[in-house]
Each structure stands twice: as C-alpha cells, then as structure tokens.
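Written below as structure tokens is the structure these notes are about.
Just so it is clear, none of the values below were taken in a lab; they were calculated from the coordinates. Note that the structure is a prediction, hence the values are computed from the model and not measured. Every residue, glycine among them, receives a Cβ derived from its backbone with ideal geometry; neighbour counts consider all protein chains shown.
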Amino acid sequence: MSGKDVMSLLHPFLAVVVVFPIIGMVVNLAWQTRQRRLKTANHGQSKIPPVVGPEHRKLGNWLTGSVVGITLVAIAYSIYFNGIFEDFKSENTVQAVLIIMIFIATVASLVFLYQAKPKLWRGVFATLTGAGIVILGFQDGVFRRDFEWQVSHFYYGLIASMLMIFSLAIVPEIYKDRTHKWRQVHTALNCLVILVFFGQGITGARDLLEIPLSWQEKHLYKCNWEKQTCPDSQSQTLSAEVIVASISNYPTLAQAEAPIVLASGEFVTITPGEDTEGTAEIIQVGDKIQVRLADNFSAIEGPAVRLLLHKENRPGSYTAENYVRLGDLKSFKGEQFYDIPSGIDWQDYPNVVVWCEKFNVTFGSAKLN
Ligand code: HEM
Ligand code: HEM
C-alpha cells in the first residue's frame with residue numbers, strides 16, 4: 001500500500017474505532033437518562049444512578065468533536081489528493097491559502113463553541129463551524145455523489161455533523177427549560193441522527209469497496225460507474241464458438257478480444273489556458289464501437305465537463321444537429337473509454353471534443369483520421 005492508500009484509511013479507521021463506540025455509549029446513556037427522569041419526575045425512585053445525565057453530556061461533547069473531526073479529516077484528504085493540491089498550479093495559491101484558513105477557522109469555531117456561554121455566541125460559533133464544513137465540503141475533489149444524492153455518504157455526513165453541532169450548542173437550553181421542550185427537540189433530532197449514523201455505516205462501507213487502492217486505479221477507472229459496467233464485462237459477450245475456440249486454441253480468443261483502432265487523432269487546445277492534450281481513438285471491441293482516450297490524455301479540470309463527438313473541429317455552437325454527447329468526462333487524466341450510442345456513425349462527427357457545458361467553453365478537440 002502507498003502512503004496515499006494508508007491516508008485514505010484514516011477516516012474509516014477513526015469512524016469505526018472511535019466514533020461508533022462513542023455513539024453506542026452516548027445512546028445507552030441517553031436511554032438511561034430519559035428512563036431515570038421519567039421515573040423520578042413525580043418523586044419516584046429509580047435504580048439508575050444520577051450520573052447518567054452528566055455522563056451522557058460528557059460523552060456527547062466527545063461525540064460532537066469526533067464526528068466533526070472525522071468529517072474534516074475526510075474532506076481534507078479529498079481536497080489534498082483529488083482537489084487543487086493534487087496538481088498544484090501557482091495561480092491557485094490564493095484559493096489554497098483560503099482553504100487552509102477556512103480549515104483553521106472551522107476548528108477554532110468549534111473550540112470556541114465548547115467554551116461559549118451566552119446564547120448569542122453559541123449561535124455564532126455553531127453557525128461558523130457549520131458554514132466552514134459546508135464551504136470545505138463543496139471544494140473540488142470532494143466526492144459528493146450528486147447523481148445519487150439520496151444515498152450520498154457526503155450529504156449524510158453533513159447532516160450528522162450539523163445535528164451534532166446543534167446538540168452541543170443547545171446544552172444549556174436543555175438544562176434551563178422546565179417545560180422540556182428543548183429536551184424533546186434534542187431527543188427527536190438525535191433519533192434521526194441515529195438513522196443517519198446507520199446510513200453512514202452502510203454508505204461508508206460501500207464507498208470503501210468502490211475506492212480502489214493505487215495499484216487498482218488504472219483498471220477501475222476504465223469502468224462506467226453510472227452504468228455499472230467495466231471494459232471486460234462491457235465488451236465481450238463471447239459466442240459459444242469463441243469459447244470453444246478459446247479452450248482449444250488460445251490465440252483465437254486473443255484475436256477476438258483485441259481492440260481494432262479505426263481512427264485516431266491528437267487533441268489540440270481550443271481555448272487558450274484550457275490545456276488539453278493526448279490521443280483520442282475510435283476502437284472496435286467485438287461489435288462495439290468506442291472512443292478511447294489514451295494514457296497520455298490530460299485536460300484542465302473544470303465543472304460539468306463533457307466528452308462529445310462533433311461535426312466541427314473548432315465547434316462554433318452546440319446544437320442537437322451538430323454533436324453527440326458521450327457523457328461526463330470520467331477523468332481529467334489518463335486512459336478511459338466511452339461507448340458510442342448505437343445508430344450513430346462516428347464518421348458523421350469526426351472530432352472528439354472536451355467541452356465545459358457549465359460555461360460553454362470548448363477545452364480541446366481531436367480531429368479523427
Ligand atoms: C446519538 C446522539 C444522541 C442521542 C440519541 C441523544 C438523546 C438524548 C436523550 C434521549 C436524552 C434524555 C431526554 C429526556 O430526559 O427525555 C438526552 C439528554 C441530553 N443530551 Fe443527548 N443525545 C445525543 C447526543 C447528544 C450530544 C452530542 C450532546 C451534547 C453535546 C447531548 C447533550 C444532552 C444533554 C445535556 C442532555 C440532558 C442530560 C441531563 O438530563 O442531565 N446529547 N439526549
Ligand atoms: C459518523 C460517521 C461518519 C461521518 C460523519 C462520515 C463523513 C464523511 C464525509 C463528510 C466524507 C467526505 C466525502 C469526501 O471527502 O469525498 C466521508 C468520506 C468517506 N467516508 Fe465517511 N463518515 C462516517 C463514517 C464512515 C464509515 C463507518 C466508513 C467506512 C467504514 C466511511 C468511509 C468513508 C470513505 C471510504 C470516504 C471517502 C469516499 C467518499 O467520499 O465516500 N465513513 N465521510
């Protein structure tokens with residue numbers, strides 16, 4: 001395992017070894033606190049010792065700190081290894097300094113939240129801590145799973161962190177309020193948090209299975225995550241004859257699998273500053289026609305970047321008639337594969353184009369010969 005692989009395990013390790021055991025203890029003490037309070041409400045006696053409330057509060061403090069802590073560890077890892085620090089350019093210095101300052105301000109706000117007594121300051125520091133997490137969470141490199149936000153580990157993590165910060169901020173209200181309104185709000189919200197923690201256990205374990213170790217990356221990034229297919233399963237539905245041939249004559253199978261290059265071209269940068277380079281190929285694998293971006297491909301990072309086949313080499317416009325969309329650009333670097341939709345003849349659209357849809361900027365284009 002590389003250093004990066006080890007770092008990627010820090011967040012799940014802390015979640016499993018630190019956060020989840022604390023959740024167990026906090027919930028157990030919460031249950032006892034409530035049982036004791038209900039029993040003693042009308043001068044009754046309870047076998048549950050009176051320390052359960054303060055103990056719940058003490059561990060609750062630890063829980064808030066550890067949940068916010070592992071959230072920041074996860075986001076820091078993603079920004080450092082997948083965001084602007086990955087391939088650092090001097091023009092990003094201001095952004096990088098701002099990100100580091102927001103990290104420091106977020107941790108400082110949390111520390112102040114623990115110390116603050118007046119309601120106003122607790123409100124201010126809770127808001128600052130929450131805002132810091134949201135701003136950092138929306139930086140490049142953080143995997144938010146926007147295409148499946150309902151089951152996103154990131155959004156669940158954000159909700160859990162916000163509710164923990166809120167719990168910490170309202171502790172004095174819970175104690176002051178004789179009508180128990182704040183207790184009820186606290187209990188209701190934190191029952192929801194328990195469900196979110198279950199969600200974190202499931203979605204975190206799923207993401208751990210999906211994230212490759214560094215030696216696996218080049219193989220797994222050829223997969224199409226939305227369609228849940230990988231080149232091997234995508235391209236070869238072998239006929240019975242080929243399978244028989246493969247048993248008796250291995251080279252025949254190799255021949256059936258080998259991709260045939262039908263055309264290729266080199267990317268040139270179209271918009272100055274949006275550097276795009278490398279080779280694009282049209283390949284045939286079995287009866288499938290695909291676009292392959294070669295190992296030497298690289299494009300500048302940007303939002304909502306798509307890969308297209310276009311009629312023009314320097315596209316003047318993007319209309320339904322002049323281009324065919326192959327999908328979101330899967331990676332800004334390295335080898336990747338895209339299926340050409342059936343019924344489309346690539347020769348009618350002989351240019352592979354990298355296009356930032358959000359700002360309608362053509363990054364680069366490769367003329368196929
Ligand atoms: C999984 C998370 C949590 C759950 C399920 C939970 C649930 C509860 C429940 C059921 C009670 C008793 C309410 C009653 O008396 O009816 C309680 C009390 C309390 N909780 Fe939590 N809580 C959680 C996290 C937290 C956190 C993170 C904090 C603070 C940082 C906190 C602070 C408190 C305080 C101060 C009380 C009052 C304790 C007392 O009566 O001495 N809780 N909580
Ligand atoms: C209280 C529990 C947890 C919270 C609040 C939490 C929060 C987060 C957050 C906010 C991210 C940021 C997403 C990113 O940087 O790309 C993240 C990433 C990650 N977490 Fe967790 N997490 C929790 C538990 C777990 C557990 C139990 C596991 C696995 C056993 C796990 C595995 C991961 C992995 C693999 C990533 C990186 C990939 C991704 O973004 O999903 N997490 N977590």
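Once the Cα atoms are used to define both axes, helix 181-210 deviates from the longest principal axis of the chain by about 30 degrees.
Amide hydrogen proximity for Leu9: with H placed 1.01 Å from N in the peptide plane, no residue at 5 or more positions away or on another chain lies under 5 Å.
Work out, in µm²/s and without decimals, the Stokes-Einstein translational diffusion coefficient of the range 286-361 at 25 °C, 0.890 mPa s, Rh from Kirkwood over C-alpha pairs. Reported coefficient: 190 µm²/s. Helix 52-82 and the longest principal axis of the C-alpha atoms of the chain enclose an angle of approximately 20°.
Label sites at Arg314 and Gln284, each approximated as a point 7 angstrom past Cα along Cα to Cβ, lie 3.4 nm apart.
Relative to the current alpha-carbon distance between Ala105 and Lys333, full extension at 0.36 nm per residue lengthens the span by 78.8 nm. Taking the longest Cα principal axis of the chain as reference, the axis of helix 119-137 is set at about 20 degrees.
When all alpha-carbon pairs of the range 107-150 are counted, what percent fall beyond 11 Å? Above the 11 Å cut-off, the range 107-150 has 67 percent of its Cα pairs. Using a simple spin-label model with pseudo-atoms 7 Å out from Cα toward Cβ, Arg34 and Glu173 lie 1.9 nm apart.
Under 5 Å from the amide H of Thr229 lie the amide H atoms of Asn224, each residue being 5 or more positions distant or on a separate chain, with H modelled from the backbone and absent for Pro and chain starts.
For the range 138-209, the Cα-based Rg and Dmax, in that order, read 15.2, 48 Å.
Taking Cβ atoms as reference points and 12 Å as the exclusive limit, the residues near Phe267 contribute a net charge of -4, counting Lys and Arg as +1 and Asp and Glu as -1.
Pairs Lys89/Lys227; Lys4/Lys222; Lys47/Lys119: which are spaced more than 23 Å apart, C-alpha to C-alpha?
Lys89/Lys227; Lys47/Lys119
Put simply, the amide H of Gly364, placed in the peptide plane, has neighbours under 5 Å in Ile270, Val354, leaving out anything fewer than 5 places away on its chain. Over the range 3-219, the Kirkwood radius and the radius of gyration, each from Cα atoms, give a ratio Rg/Rh of 1.03.
Compared with the alpha-carbon gap, the fully stretched path from Met1 to Asp146 is longer by 49.3 nm at 0.36 nm per residue. Pair-distance distribution P(r) for the range 1-100, from all Cα-Cα distances in 10 Å bins starting at 0: 14, 28, 22, 16, 11, 7, 2 percent. The simple Förster model, with R0 at 51 Å and r as the Cβ-Cβ distance, assigns Asn92 and Ala188 a FRET efficiency of 0.75. Arg206 sits among other residues whose Cβ lies under 13 Å from its own Cβ, and their net charge, with Lys and Arg +1 and Asp and Glu -1, is -2.
Considering the range 327-367 at the alpha-carbon level, its Rg and Dmax are found to be 11.4, 29 Å. Put simply, the C-alpha atoms of the chain give a gyration tensor, and the ellipsoid matching it has half-axes of 52, 25, 17 Å, longest first.
Across the chain, C-alpha contacts under 8 Å between residues 6 or more apart give a mean separation that, scaled by the residue count, equals a relative contact order of 11 percent. In the chain, a dipole from Cβ-located charges (positive for Lys and Arg, negative for Asp and Glu) runs towards its positive end, and of Asn28, Gly65, Gly157 it is Asn28 whose Cα lies farthest in that direction.
Straight Cα distances below 20 angstrom link Lys311 to the lysines Lys367, with same-chain residues fewer than 8 positions distant left out. Projecting the Cα atoms of Asn92, Asn322, Ala366 onto the dipole axis of the chain, where Lys and Arg carry +1 and Asp and Glu carry -1 at the beta carbon, places Asn92 farthest toward the positive end. Projecting the Cα atoms of Gln336, His43, Thr127 onto the charge dipole of the chain (Cβ charges, centred on the Cα centre) puts His43 farthest toward the positive pole. Here the dipole of the chain is about 3100 debye; that uses its Cα centre as origin and unit charges on the Cβ of Lys and Arg (positive) and Asp and Glu (negative).
Show that you can apply the helix-only estimate: for the chain, add -39,500 (n - 2.57) for every DSSP H stretch of four or more residues, divide by all residues, and state [θ] at 222 nm to the nearest 500.
Value at 222 nm, helices only: -16500 deg cm²/dmol.
Stretching the chain fully between Ser46 and Phe138 yields a gain of 28.3 nm (0.36 nm per residue, less the alpha carbon separation).
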